[in-house]
Amino acid sequence: MSDKEPVARTNFIRQIIEEDLASGKHSRIATRFPPEPNGYLHIGHAKSIVLNFGVAEDYGGTCNLRFDDTNPHKENVEYVEAIKADVRWLGYDWDDRLFFASDYFEQLYQFALELIDKGLAYVCELTPEEVRAYRGTLTEPGRDSPYRDRPAAENRDLFQRMRAGEFPDGTKTLRAKIDMASPNVNLRDPVLYRIRHGVVHHQTGSEWCLYPMYDYTHPISDALEGITHSLCTLEFEDHRPFYDWVVDHVSVPCKPRQIEFSRLNLEYTVMSKRRLTMLVSEGYVEGWDDPRMPTIAGLRRRGYTPAAIRAFCDRVGVTKADNLVEMAALESAIREDLDRSAPRAMAVLRPLKVVIEDYPDDKTEGLAVANHPKDESLGSRRIPFARELYIDGEDFSEAPPPGFKRLVPGGEVRLRNAYVIRCDQVIKDEAGEVVELRCSHDADTLGRNPEGRKVKGVIHWVSAAQSVTAEVRLYDRLFSVPEPGAGKDDFLADLNPDSLRTLTGCRLEPSLADAGPGQRFQFEREGYFVLDPDSRPARLVFNRTVDLRDTWGRGGKS
């Protein structure tokens with residue numbers, strides 16, 4: 001999969017954009033990706049990134065990166081930098097169009113004064129609990145706040161004093177004056193501003209103690225940036241009337257159109273930022289970039305490629321209907337990419353020593369092996385073959401099950417890219433565990449089949465003396481059920497206890513000693529793996545990205 005492989009895309013959002021361009025409603029397209037910097041981005045955000053930046057790219061428009069930083073209690077610079085790194089890693093660039101909602105705090109404040117002067121906003125002194133009680137229900141209208149009819153001059157004075165810091169947190173809010181009887185609860189005089197003392201904002205420091213709400217900030221930010229199509233997920237559909245109300249009642253330069261699409265829900269994981277934060281803060285995973293996490297940072301560390309994630313997002317598509325996407329679809333995307341791009345290597349994860357007794361003790365052969373069976377451009381390497389080797393312990397059985405095509409006592413098997421060997425003797429320790437196999441080889445089978453017999457099995461191996469030692473982390477799905485927490489009070493009860501198995505003392509072919517950070521390989525017969533950032537020259541660490549095939553889909557775990 002090339003980094004910029006063209007993908008045929010069509011969806012209702014693109015149809016709207018094409019109609020707007022054809023009708024002359026817009027001569028240019030401008031979108032934005034507006035994350036809140038209160039955590040790391042996950043695969044659901046990747047869908048929005050691919051959509052917003054992809055639409056802008058395909059129609060010759062622009063896409064801004066704008067941080068929704070209106071809640072400084074939960075935000076920090078770490079998240080800002082992580083989000084920027086993730087967007088760039090996925091292959092997108094905002095050029096000079098990096099913005100923060102906090103860039104517009106003064107303008108937002110002036111627009112609030114405009115609403116006050118128009119009689120469309122008022123300072124309310126109801127407590128949060130009272131506001132909820134006055135709001136009504138889905139079947140009953142709300143009640144007007146006793147402060148709703150304050151004169152505009154009094155509201156302006158109080159609002160200016162709120163900015164000056166005269167009032168404690170929670171004592172006053174600024175609310176829009178719309179309709180307390182509206183069937184849409186979001187139009188029942190929503191809060192525009194609240195007071196927040198004692199918090200240092202990562203962009204504005206201690207300059208403000210008055211912070212705008214997201215639903216007020218977002219449409220104005222879009223309008224100030226000249227956004228034409230404000231693309232967001234379906235949970236904001238009921239908020240669209242207020243979005244339109246805001247841009248209709250303040251003096252912004254344009255009126256963007258909000259369009260909603262279904263969010264990405266993925267099996268065997270959670271997308272709630274609250275739940276992801278809990279997994280990190282309570283130590284169920286080892287940080288936001290834990291390879292079991294659905295975060296972009298976690299997927300990157302696990303070995304996923306930007307091309308695979310973009311392809312997955314394109315395949316999932318953009319619709320109005322919520323659905324649960326199979327994890328197999330994401331895993332299929334990375335398998336397809338790495339099958340084409342990842343060089344092959346041999347790694348023995350559960351070493352069992354093999355001594356080829358009829359092979360000279362002082363001889364080592366360098367066997368030429370292609371790095372990829374279908375791509376000659378990836379070149380070749382030489383693998384040392386010697387008298388003492390390691391094979392995987394799972395490739396030998398004294399009591400083989402039906403269909404077992406690997407090594408058994410008295411049986412033959414081919415060593416990949418090398419000779420056919422026969423197991424002549426099994427060596428066990430005092431506990432009865434197999435610790436070594438004594439074998440012989442057919443010297444005429446290098447690169448050719450043996451005479452007069454058929455050998456069905458092929459297993460991988462490494463030279464004992466020349467191999468390098470590594471730790472291998474076998475990552476699996478974080479949860480053991482497709483919908484964690486469904487029908488339960490505690491989603492943590494569905495955590496997969498086998499989501500990480502760490503193997504030490506693994507033996508790898510010597511070429512892997514030179515692997516670079518983030519370099520990906522197919523370990524033959526084992527799966528796709530990536531060098532972890534924890535690696536050091538004397539301590540290699542590889543993470544399993546994905547198995548060679550979907551073992552979950554066949555009713556079992558990898």
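The values are calculated or read from the model by the stated rules, or taken from the named source; none is laboratory data. These numbers were taken from a predicted model, which means no experiment stands behind them. Reconstructed Cβ throughout: ideal geometry from the backbone, glycine too, with neighbour counts over all protein chains shown.
Is at least one residue of the range 510-519 within 21 Å of the chain's Cα centre (by Cα) and at pLDDT 95 or above? Before the answer, list the steps.
In the first step, residues of the range 510-519 are kept if they are within 21 Å of the chain's Cα centre (by Cα); the result is 517-519.
Remaining after also requiring at pLDDT 95 or above: 519.
Looking for residues that are within 21 Å of the chain's Cα centre (by Cα) and at pLDDT 95 or above, one finds at least one in the range 510-519, hence yes.
Under the condition of being surrounded by 15 or more Cβ atoms within 10 Å (Cβ to Cβ) and either not hydroxyl-bearing (S, T, Y) or not in a loop (DSSP other than H, G, I, E, B) (or both), the residues counted in the range 389-403 number 7.
Just for the range 385-418: of the residues that are hydrophobic (A, V, I, L, M, F, W, C) and free of Cβ contacts under 8 Å to residues at least 24 places away in the same chain, which one is farthest from R448 (Cα to Cα)? The residue in question is A399.
Considering the range 260-300 alone, what residues qualify as being of a type in the set (K, R) and out of contact with any Ser or Thr (no Cβ under 9 Å at 6 or more places or on another chain)?
From the range 260-300, those of a type in the set (K, R) are 263, 273-275, 292, 300; that's our starting set.
Correct list: K273, R274, R275, R300.
Of all residues in the range 95-124, those that are within 20 Å of R188 (Cα to Cα) have Cβ atoms under 6 Å from Cβ atoms of residues that are small (G, A, S), 6 or more apart or on another chain, in L115/A121; I116/A152; D117/A152; G119/A152; A121/A176; C124/S145.
Does the range 83-101 contain any residue that is assigned by TED's automatic domain parsing to the domain that holds Y193, over 30 Å from S48 (Cα atoms) and not aromatic (F, W, Y)? Looking through the range 83-101, none of the residues is assigned by TED's automatic domain parsing to the domain that holds Y193, over 30 Å from S48 (Cα atoms) and not aromatic (F, W, Y). Note on the range 236-316: enclosed helices (runs of 4 or more DSSP H) holding 2 or more residues that are in the same structural domain as P482 (by TED's automatic domain parsing) are 273-281, 296-302, 306-316. Of all residues in the range 420-453, exactly one satisfies the criterion of being free of Cβ contacts under 8 Å to residues at least 40 places away in the same chain and of a type in the set (S, T, Y), namely T445. Cβ-Cβ contacts under 8 Å between residues 6 or more apart (or on different chains), taken from a first residue in the range 270-295 that is closer than 11 Å to Y40 by Cα and of a type in the set (S, T, Y) to a second residue that is crowded, with 19+ Cβ neighbours inside 10 Å and at pLDDT 95 or above, are listed as T277/G39; T295/Y40; T295/L41; T295/H42; T295/I43; T295/L276; T295/W288; T295/D289.
Taking first residues from the range 506-518 that are on the phi > 0 side of the Ramachandran plot and of a type outside the set (V, I, T) and partners that are surrounded by 13 or more Cβ atoms within 10 Å (Cβ to Cβ) and at pLDDT 95 or above, the Cβ contacts under 7 Å between residues at least 6 apart in sequence or on separate chains come to G518/V530; G518/L531. Would you point out which residue out of E526, E483 is surrounded by fewer than 17 Cβ atoms within 10 Å (Cβ to Cβ), in contact with a Leu (Cβ under 9 Å, 6 or more places away or on another chain) and modelled with pLDDT of 95 or more? Going through E526, E483 in turn, the sole match is E483.
Residue check: R156 meets all listed conditions (1) within 41 Å of the chain's Cα centre (by Cα); (2) part of a helix (DSSP H, G or I) but one, namely (1).
Applying the set (1) more than 34 Å from the chain's Cα centre (by Cα); (2) in a helix (DSSP H, G or I) to N186 leaves exactly one unmet item: (1).
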